[in-house]
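Here's the structure, in structure tokens; my notes come after.
The values are calculated or read from the model by the stated rules, or taken from the named source; none is laboratory data. Keep in mind that this is a model prediction, so the values were computed, not measured. No Cβ is skipped: glycine too gets one built from the backbone with ideal geometry, and neighbour counts run over all protein chains shown.
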Amino acid sequence: MKNDLLKLQLAKEKKCPVCGANLFRGQRSNELRRYECGSVFAVSARVEAIVASDPCPRGSNVQASLLTQLALGGKAVAA
Ligand SMILES: [Zn+2]
């Protein structure tokens with residue numbers, strides 16, 4: 001039951017939840033989502049949660065860009 005809800009949620013994620021990268025081509029599984037940035041999100045039946053099997057490598061760049069924009073009043077360019 002919980003796993004079905006988790007799979008449904010993951011199936012909706014057409015972009016990397018961190019950086020917005022597209023799904024990896026050929027990606028069809030609803031239990032494991034691989035994105036072009038290299039991140040992988042999966043349903044773990046063991047812990048009954050969606051887990052980041054491979055963290056998004058762009059996550060730090062996204063945050064650094066936000067910090068730069070914060071410091072410069074939104075005038076910064078993206079990383
Ligand atoms: Zn990503």
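Would you be able to tell me the number of residues in the stretch 4-28 that are in contact with an Asp or Glu (Cβ under 8 Å, 6 or more places away or on another chain), assigned to a helix (DSSP H, G or I) and exposed (fewer than 13 other Cβ atoms within 10 Å of the Cβ)?
Qualifying residue count, the stretch 4-28: 0.
Give the residues of the stretch 33-50 that are at negative phi and within 15 Å of the ligand (Cβ to nearest atom), sorted by residue number.
Passing the criteria: ARG33, ARG34, TYR35, GLU36, CYS37, SER39, VAL40, PHE41, ALA42, ILE50.
Determine if the stretch 51-70 includes at least one residue that is more than 16 Å from the ligand (Cβ to nearest atom) and either part of a loop (DSSP other than H, G, I, E, B) or at positive phi (or both).
no
Does PHE41 qualify as being modelled with pLDDT of 95 or more and in contact with a strand residue (DSSP E or B) (Cβ under 7 Å, 6 or more places away or on another chain)?
For PHE41, the condition - modelled with pLDDT of 95 or more and in contact with a strand residue (DSSP E or B) (Cβ under 7 Å, 6 or more places away or on another chain) - is met.
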